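First up is the structure itself, then whatever we jot down about it.
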Amino acid sequence: MNSTSLSKTKIAILAAFIYTAVMGFGMFYMKTFKGIFYGTPDMMNVFWFVMIIVNIINVFFVIRYFSWQEVGFRKLNTRQLLWFIPSLSVLIAMWVVFLSALASASLNAAQWQLLALVGFTTFLVGLGEETMYRGIVLSAFLTTNRVLWAMLVSSIAFSLLHSVNVFGGSAPLEMLVQLVFTFLFGFLFAPLMIKFNNIWPLIIFHWLWDFVLFAANLVDASNVSLLSYINTPVAIVVGTILWIRIHKEQHGVVKPSSMIS
């Protein structure tokens, strides 16, 4: 692309705005016309279609203004995956609790079908949100050569996306708490994207994280949600270390351990 740095950042802001607006409309439609509230597995009966739309939006912006390699579909820096171990440990614990509850649950055919739909929809969520916020937005702002600023914008934009959950029935206070948690999620994932040099680990983690949280409601595994809060201090500690390291790498204090492109 021959786009200037400024135009790419504006394009990324526009893309994120459209993505958020479509999600907001989907939430509003789901609650107002279908009587389905955010956070329930039943929302997947409506939201799979919304996620297809936003992923199509991503494809348009990537092909038209960026490239798949530019937004993170490139060679993985496997050595940097060690940074993922703390969060993966939390995710594994969540899955152990969920699978234990699933093994003792008696799901009917409709519930198994809903479980499959949860899996499909949450994959689209992981693919869509990571491509937009750790792909399009982050890569666009990295062209300004202000890496910490790029990571901050990516984290804030990802957090603000979840403000539309209020249209899906989330209480305002609940939504504000979610903004904090999703900002911390982005606070960790933005530097991980730079370290990994590849977006797939983030997509897969995001998918498995969202799936187990939603699917836990089908098998009455409430402890899954409680375990997820452990990742908050993990995100703060690991994220802070990564932000400091990346800042030092940019100023030549330490040798860069991954390519920023």
* Structure fact -> The correct count of residues that are hydroxyl-bearing (Ser, Thr, Tyr) and within 11 Å of Ile199 (Cα to Cα) in the stretch 113-136 is 2
* Among the candidates Ser67, Ser3, which residue alone is modelled with pLDDT of 95 or more and either basic (Lys, Arg) or surrounded by fewer than 17 Cβ atoms within 10 Å (Cβ to Cβ) (or both)? -> Ser67
* **Flag for Val62 being at pLDDT below 95, surrounded by 17 or more Cβ atoms within 10 Å (Cβ to Cβ) and assigned to a helix (DSSP H, G or I)** => no
* Verdict on Leu202 being crowded, with 22+ Cβ neighbours inside 10 Å, in contact with an Asp or Glu (Cβ under 7 Å, 6 or more places away or on another chain) and at pLDDT 95 or above -> yes
* Structure fact -> For Met151, the lone unmet condition from (1) more than 22 Å from Arg79 (Cβ to Cβ); (2) within 16 Å of the chain's Cα centre (by Cα) is (1)
* To do: Only residues that are in contact with a His (Cβ under 8 Å, 6 or more places away or on another chain) and surrounded by fewer than 20 Cβ atoms within 10 Å (Cβ to Cβ): list them for the stretch 169-195, please.
  => Met175, Gln178, Leu179
* Among the residues of the stretch 209-261, count how many are among the acidic types (Asp, Glu), part of a loop (DSSP other than H, G, I, E, B) and modelled with pLDDT of 95 or more. => 0
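The values are calculated or read from the model by the stated rules, or taken from the named source; none is laboratory data. The structure displayed is predicted, hence computed values, not measured ones. For neighbour counting, all protein chains shown are included, and Cβ atoms are generated from backbone atoms with ideal geometry for every residue, glycine included.
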